[in-house]
Amino acid sequence: MKLALTYSAWLEMRQIPVSTTREIGQAILDLKRDPHPVGRDEVPGQRGCFRLPVEGFWVLYHVGAAEDAITVLGVLGERSPTLH
C-alpha cells in the first residue's frame, strides 16, 4: 500500500511538539498496515476520508477506492485552524 503526506500536512506537523510528532508519525505509519484502526471516524459526506485521534490531534486521511493508497491530508489540533 502506498502512503503519501500532503505538503500542508507536513507543515502542520512541524508546528506540533516533537514528542507528540513521534506518536503521530507512528500512527500514520501504522495506517499502512491497517487503514481502518479502532477509533477512527469517517468524515461525514466525504467518501473515503477519515480522521484518527492521536494525542489531542486529528490525523485527517483519505483511503483510495481500491484501498491501495493512503494520503494524509492534514494533522489538526482539536481547536486549531488548518493551514489549508
### Task
May I ask you to verify whether TYR61 is surrounded by fewer than 16 Cβ atoms within 10 Å (Cβ to Cβ) and of a type in the set (Phe, Trp, Tyr)?
no
### Filter result (assigned to a helix (DSSP H, G or I), more than 11 Å from the chain's Cα centre (by Cα) and of a type outside the set (S, T, N, Q)) within segment 19-58
ARG22, GLU23
### Query
List pairs: first in segment 1-17 and of a type outside the set (A, V, I, L, M), second assigned to a loop (DSSP other than H, G, I, E, B) and surrounded by fewer than 18 Cβ atoms within 10 Å (Cβ to Cβ), Cβ under 6 Å, 6+ apart or cross-chain?
SER8/LEU83; SER8/HIS84; GLU12/LEU83
### Query
Is segment 31-38 home to any residue that is in contact with a strand residue (DSSP E or B) (Cβ under 6 Å, 6 or more places away or on another chain) and buried (at least 19 other Cβ atoms within 10 Å of the Cβ)?
yes
### Query
Can you name the number of the only condition in (1) in contact with a strand residue (DSSP E or B) (Cβ under 9 Å, 6 or more places away or on another chain); (2) at pLDDT below 95 that VAL72 fails?
(2)
### Summary
In the set ALA4, ALA65, the lone residue that is on the phi < 0 side of the Ramachandran plot, part of a strand (DSSP E or B) and among the small types (Gly, Ala, Ser) is ALA4
### Task
Run PHE50 past the list (1) at pLDDT 95 or above; (2) over 17 Å from GLU78 (Cβ atoms); (3) not polar (S, T, N, Q) and report the number of the one that doesn't hold.
(2)
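The values are calculated or read from the model by the stated rules, or taken from the named source; none is laboratory data. This is a predicted model, so every value here is computed, not measured. Reconstructed Cβ throughout: ideal geometry from the backbone, glycine too, with neighbour counts over all protein chains shown.
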